[in-house]
1. Pairs only if they're at least six apart or on different chains, beta carbon under 6 angstrom, first in segment 13-29 and closer than 30 Å to Gln109 by Cβ, second among the small types (Gly, Ala, Ser) and surrounded by 13 or more Cβ atoms within 10 Å (Cβ to Cβ); list them, first residue then second.
2. Which members of segment 28-43 meet the condition of being outside any strand (DSSP E or B) and over 17 Å from Ile60 (Cα atoms)?
3. Could you check Ile97 against (1) aliphatic (A, V, I, L, M); (2) part of a strand (DSSP E or B); (3) within 14 Å of the chain's Cα centre (by Cα) and say which number it fails?
4. Among residues belonging to segment 81-113 that are more than 16 Å from Ile17 (Cβ to Cβ) and among the aliphatic types (A, V, I, L, M), point out the one that is least open to solvent (accessible area, probe 1.4 Å).
5. Can you tell me which residues in segment 55-94 are touching a residue at least 12 places away in the same chain (Cβ under 8 Å), farther than 23 Å from Ser43 by Cα and either assigned to a loop (DSSP other than H, G, I, E, B) or within 12 Å of the chain's Cα centre (by Cα) (or both)?
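The values are calculated or read from the model by the stated rules, or taken from the named source; none is laboratory data. All values reported here derive from a predicted model rather than from experimental measurement. Because the Cβ atoms are built from the backbone with ideal geometry, glycine has one as well, and the counts that use them run over all protein chains shown. With ligands, DNA and RNA removed, areas are computed over all heavy atoms of the protein, side chains included. Shrake-Rupley method; radii C 1.70, N 1.55, O 1.52, S 1.80 Å.
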Amino acid sequence: MATKRKILRHRGDTFPIVIFLKKTDGTAFDVTGYTFKLTVSNSEAAPESADDLFSSVGSISDAAGGEVSFPIVAEKVAATGKHWHDIEMTKTSDSTIRTIQDGAFELEQDVSK
């Protein structure tokens, strides 16, 4: 089952989204041999389609520490409001896909242009 988590950002912010995977005992989950994809959509139940705002391929920052970073491009996070996201983890050895996180993805208006 995926972890429910809300991501709250300001419109146009480009710092990466970083996640840390942990085992049930609280220790780091080694992400060696996995790939990651973040998808943000306008619709909570949309299949991959034109409803997607953007996708970002995760970069493993610290494999043994379970750290994965998703780069963000400013043009992709310009639409303020409530959207939805999920993060999929794919095991490269057998292509098994598991959704590890999902929930709201909210972009708030900011003052800076």
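1. As it stands, the answer is Pro16/Ser69; Val18/Ser69; Phe20/Gly66, since those pairs meet every condition given.
2. Residues of segment 28-43 outside any strand (DSSP E or B): 29-33, 42-43.
Residues satisfying the conditions are Asn42, Ser43.
3. Of everything listed in (1) aliphatic (A, V, I, L, M); (2) part of a strand (DSSP E or B); (3) within 14 Å of the chain's Cα centre (by Cα), Ile97 misses just condition (3).
4. Start the filter on segment 81-113 by keeping residues that are more than 16 Å from Ile17 (Cβ to Cβ), which leaves 81-82, 90-98, 109-113.
Narrowing the set further to residues that are among the aliphatic types (A, V, I, L, M) leaves 97, 111.
Numbers: Ile97: 102, Val111: 129 Å².
Residue satisfying both the conditions and the ranking: Ile97.
5. Result: Ser59, Ala63, Ala64, Gly65, Gly66, Val68, Ser69, Thr92, Ser93.
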